[in-house]
Each structure stands twice: as structure tokens, then as C-alpha cells.
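Right, one structure below, let's go through it.
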Amino acid sequence: MAASVWRDRAVFLTGGNGFVGSWTARALVDAGARVVALVRDRVPNGGLRLQGLLDRVSCVHGDLLDAPLLQRAVAEYEVTVCLHLGAQAMVGVAHRCPTGTFGANVMGTANLLEACRLAGVRHVVLASSDKVYGAADRLPYREDTPLLGSAPYEASKVCAELAATSYARTYGLSIAAARCANVYGGGDLNFSRLVPETMRAVLAGRGYLYAEDAARAYLSLGAHCLTRMRPGEMEVFNFGWGRGVSVLELVERIIRISGATTLVPEAGGAGAGHEIQDQWLDSTRAREVLRWCPEIDLDRGLALTLDWYRGHLGHGRPTAADDEEVGTAWTSLSRD
């Protein structure tokens with residue numbers, strides 16, 4: 001991907017303060033882009049703060065449901081491409097609060113697309129999900145696998161893709177959707193997810209994708225959207241590490257890498273009933289069309305992630321005095 005694609009380009013990034021969004025913000029800043037990030041809540045351990053990026057990106061504080069705010073931001077910052085990663089992304093939360101999830105993921109997407117249409121922004125990258133496929137009979141998922149997602153989170157992402165297809169074909173936008181596998185890496189502080197929960201457990205006493213590879217996927221997809229797609233096109237791409245890995249195998253790998261070999265995995269979990277049991281993506285199209293492939297295999301990614309959690313959990317909650325140290329450590333990790 002030519003650095004010139006992003007250098008000095010104004011990029012509107014929703015979800016920029018989240019886990020994957022902050023990794024993507026880092027990759028954009030490193031590529032020379034002028035990043036405008038939509039940030040809903042100011043949280044002490046937000047991704048932009050952990051990445052050391054608060055002074056390097058422009059933050060617009062607001063919500064995806066605030067259509068006038070989105071229209072103002074996209075127009076005033078003279079945005080030329082939007083990376084839409086903002087969403088209600090927790091499966092368990094979606095099960096408990098489906099209306100809020102549909103509001104953020106469907107109406108929020110429509111509001112953003114409308115802001116782009118009104119401002120003349122023709123290029124949009126949409127963060128979809130491998131969950132749109134639902135519980136398919138045949139694995140791995142390919143881009144032409146039927147979308148059978150029916151639970152609230154899955155269905156909200158299907159609806160978001162349909163809204164994007166409508167805007168592409170009706171208003172001539174070029175939109176590319178990323179269906180990523182389960183993303184993991186340093187900086188994910190939602191301990192209801194499998195990897196951070198397990199990392200915390202081993203330090204205290206089912207395809208996957210490392211966050212840096214996910215960020216590269218979004219930038220590759222954005223470059224493709226900017227340089228190769230025609231108006232009115234909607235394309236989708238799968239992004240995953242490779243073969244499917246069972247939850248048990250993943251936990252055993254984490255235990256082995258951590259050295260906490262006396263721990264024994266136990267089956268269970270409150271959210272298990274809301275998750276699709278078997279998921280595995282075929283990323284052949286991304287390799288062939290985008291020349292994208294994951295650079296960090298699972299063991300390497302888990303080792304890097306464990307190093308990050310060792311540093312973060314060992315220091316407790318970061319304070320303002322820790323900003324420089326945390327940012328430096330994160331930069332070293334993300335570029336390793």
C-alpha cells in the first residue's frame with residue numbers, strides 16, 4: 001500500500017477510541033493521514049490515550065445517532081474518506097439491549113452514510129463482522145456464503161451492510177465492507193472477551209486476527225476503495241488469520257505461552273449461549289485482490305498480547321503521569 005494514498009488525507013474515523021479503532025488510528029497517523037475521530041465517551045483508559053494519540057488526532061465528541069453532528073464534522077474537516085468502525089460491538093450487550101444495538105449499528109450507519117452523501121464524500125470503509133454469516137453449515141465462510149445472522153448483534157450487522165449497499169447503488173458511493181475474525185491484541189480492556197479474560201487469569205495466579213493485522217486490513221481496504229473501486233460499487237472482504245481454532249486450544253496456547261502451566265481450563269461462560277459455536281473465514285479474496293495477508297501468527301500475536309497485559313495489569317490503572325510511558329510501550333508493541 002503506497003504511503004501517498006494516506007499522506008495528508010483527511011480521514012473520518014468512527015469508533016476511534018475503541019480497541020480496533022485505536023489501532024487503526026495509529027496506523028493512519030503513522031501513514032501520514034489527518035485523522036478526525038468520533039469519540040462518544042471520555043473514558044480513562046480509552047484506546048486513543050493508551051496509544052498516545054490524543055494530541056495527534058482531532059476528536060469530535062458525540063454519538064452516531066446525532067445526525068447533525070456527523071454532518072457538521074464530515075463537512076467542516078473536509079473529509080475525503082470515512083472508516084466506519086463505530087458500533088455497539090458486544091454480543092452479550094446486544095442480547096440484553098437489542099434496540100440500542102440496532103439503533104447504533106443500523107441507524108448510526110445510515111446517519112453516517114447520509115452525512116457522507118451530503119458532504120460529497122464518495123469513499124467509505126464499513127466494519128462489518130464475520131457474525132453476519134450466522135451458524136453456517138459449511139466452513140470456512142467465503143464472501144458468497146449466505147448471510148444467516150439472526151441474533152440481535154448478527155442481524156444488526158447484516159442490516160448495516162444492506163444500508164451500505166443501498167447507499168452505494170442509489171447514490172454512487174464506493175463502499176467496501178470488512179468482515180473480520182475475532183480481533184485480539186494489547187489494549188482490549190473488555191474482560192468479558194475470551195482473550196483478555198484469559199490473559200488476566202493466567203497473570204493472576206473461533207478464527208482470530210491480531211489487532212495490528214486488522215488495522216492493516218482497514219487501511220488496505222481504504223486504499224482499494226480510494227484507488228480502484230468505481231462509484232456505486234459495494235464490495236466485501238473476509239479478514240482472518242487462517243484455520244479455525246477451538247476455544248480450548250486458544251486457552252491452552254495462552255497458558256503455554258504464559259508459562260502458567262499449572263492452570264487447567266474449565267468449560268463454561270455466561271455468554272456462551274449467545275455466541276456462534278464454529279467460525280472460520282476464508283481470506284483468499286483479500287490476499288488476491290488487496291495483496292493483504294496476516295503478518296503475525298497466533299502464537300506470536302498471543303505472546304505480544306501477553307506482554308502488553310503484563311505491563312498494563314502490573315502497573316494497575318494508568319494515571320496522567322503514566323501517559324508517556326504507556327504510549328511508548330504501546331508504540332513498541334504495535335511496531336514489533
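In this simple spin-label model, placing a label point 7 Å from the Cα along the Cα-to-Cβ direction at both Val289 and Asp41 gives a separation of 3.6 nm. Multiplying the residue separation of Asp144 and Leu162 by 0.36 nm and removing their Cα-Cα distance gives an extension gain of 5.0 nm.
Between the beta carbons of Arg230 and Leu263, assuming R0 = 51 Å, the FRET efficiency works out to 0.45 to the nearest 0.05.
Gain in length, Ser4 to Arg72, computed as 0.36 nm per residue apart minus the alpha-carbon separation, to one decimal in nm?
On the way: separation 68, 0.36 × 68 = 24.48 nm, distance 2.69 nm.
Once the chain is fully extended between Ser4 and Arg72, it gains 21.8 nm.
For segment 1-107, the Cα-based Rg and Dmax, in that order, read 14.0, 44 Å.
Quick one: Cα convex hull volume of segment 89-155, Å³ per residue? Numbers along the way, then the final one.
On the way: hull volume 6.3 nm³, N = 67.
Taking only Cα atoms, segment 89-155 has a hull volume of 94 Å³ per residue.
Equivalent-ellipsoid semi-axes for segment 28-178 (Cα gyration tensor, √(5λ), whole Å, largest first): 26, 19, 15.
Give me Glu252, Glu295 sorted ascending by neighbouring Cβ count inside 10 Å, so fewest comes first.
Details: Glu252 16, Glu295 11.
Result, fewest neighbours first: Glu295, Glu252.
Note that segment 10-19 has calculated 3J(HN,Hα) couplings of 7, 10, 8, 10, 8, x, x, 8, x, 4 Hz, one per residue in order, obtained from phi through the Karplus relation 6.51 cos²θ - 1.76 cosθ + 1.60 (θ = phi - 60°); glycine and proline are x. Taking label points 7 Å from Cα along the Cα-to-Cβ direction, Asp55 and His95 give a separation of 4.4 nm.
DSSP bridge analysis restricted to segment 1-94 gives an antiparallel fraction near 0%, rounded to the nearest 5.
Nothing charged except the Cβ atoms of Lys and Arg (+1) and of Asp and Glu (-1): what's the magnitude of the dipole of segment 14-162 about its Cα centre? Round to the nearest 20 debye.
Details: 14 positive and 14 negative charges, 48 e Å.
Rounded to the nearest 20 debye, it is 220 debye.
Taken together, the values in this text are just the output of simple stated rules run on the coordinates, not laboratory data. Since this is a predicted model, take the numbers as computed values, not measurements. So basically every Cβ, Gly included, is an ideal-geometry build from the backbone, and we count neighbours across all protein chains shown.
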